[in-house]
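Written below as structure tokens is the structure these notes are about.
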Amino acid sequence: MGDAAGLTDPFSGEGIYYALKSAELAAETVIESLSYTGRMEKYTEKILENFHKELSSGAIISKLVYNFPHLVHKTVRKNPEIAEMLFKAAGGEESYSGLLKEVKKIPLLKLGLGHHK
Ligand SMILES: Cc1cc2nc3c(=O)[nH]c(=O)nc-3n(C[C@H](O)[C@H](O)[C@H](O)COP(=O)(O)OP(=O)(O)OC[C@H]3O[C@@H](n4cnc5c(N)ncnc54)[C@H](O)[C@@H]3O)c2cc1C
């Protein structure tokens, strides 16, 4: 769980929320596993279900921002709403997956995304 499981926001580096949420999911799974139908493998499923989409989208956004700052700067000057979405995503008010969806519509940023779908 937490940092040990690599559960940190790839763009901002924040991990307190993920540490607490993954600890809650672990505790919940331990309690469930005490019943006949419960199993600890469920924890991995819950982690993937809760975090995979967001953290993998965040990782793509992070690579784009840190590897191609000039490209991103040029693009957000033309599309200020993207910068706003990025700040909101880093603050947890917006999703990285939603941001990524918007980013993929912008031809310039698509270049920096390489082979990602
Ligand atoms: C400088 C800095 C600033 C940060 N700022 C923010 C922020 O503003 N917001 C945010 O959300 N996140 C921030 N983070 C990230 C956040 O601190 C971590 O993501 C979060 O603390 C992870 O919690 P954790 O419980 O997984 O790990 P930790 O908080 O690292 O806890 C792990 C604990 O296990 C102990 N430990 C390790 N090995 C052993 C062992 N063998 N036996 C016993 N105990 C052991 C460690 O001493 C530690 O106390 C920051 C991180 C850093 C470094």
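The values are calculated or read from the model by the stated rules, or taken from the named source; none is laboratory data. Computed from a prediction, not measured in an experiment: that's the story for all the values here. We place every Cβ from the backbone using ideal geometry, glycine too, and count neighbours over all the protein chains shown.
Are any of the residues in the range 22-41 at pLDDT 95 or above and either outside any helix (DSSP H, G or I) or closer than 17 Å to Ser95 by Cα (or both)? Scanning the range 22-41, I find no residue that is at pLDDT 95 or above and either outside any helix (DSSP H, G or I) or closer than 17 Å to Ser95 by Cα (or both), so the answer is no. Restricting attention to the range 90-103, the residues that are closer than 18 Å to Pro80 by Cβ and either surrounded by fewer than 16 Cβ atoms within 10 Å (Cβ to Cβ) or touching a residue at least 12 places away in the same chain (Cβ under 8 Å) (or both) add up to 9. The residues of the range 1-17 that are within 7 Å of the ligand (Cβ to nearest atom), part of a helix (DSSP H, G or I) and touching a residue at least 24 places away in the same chain (Cβ under 8 Å) amount to a single one, Tyr17.
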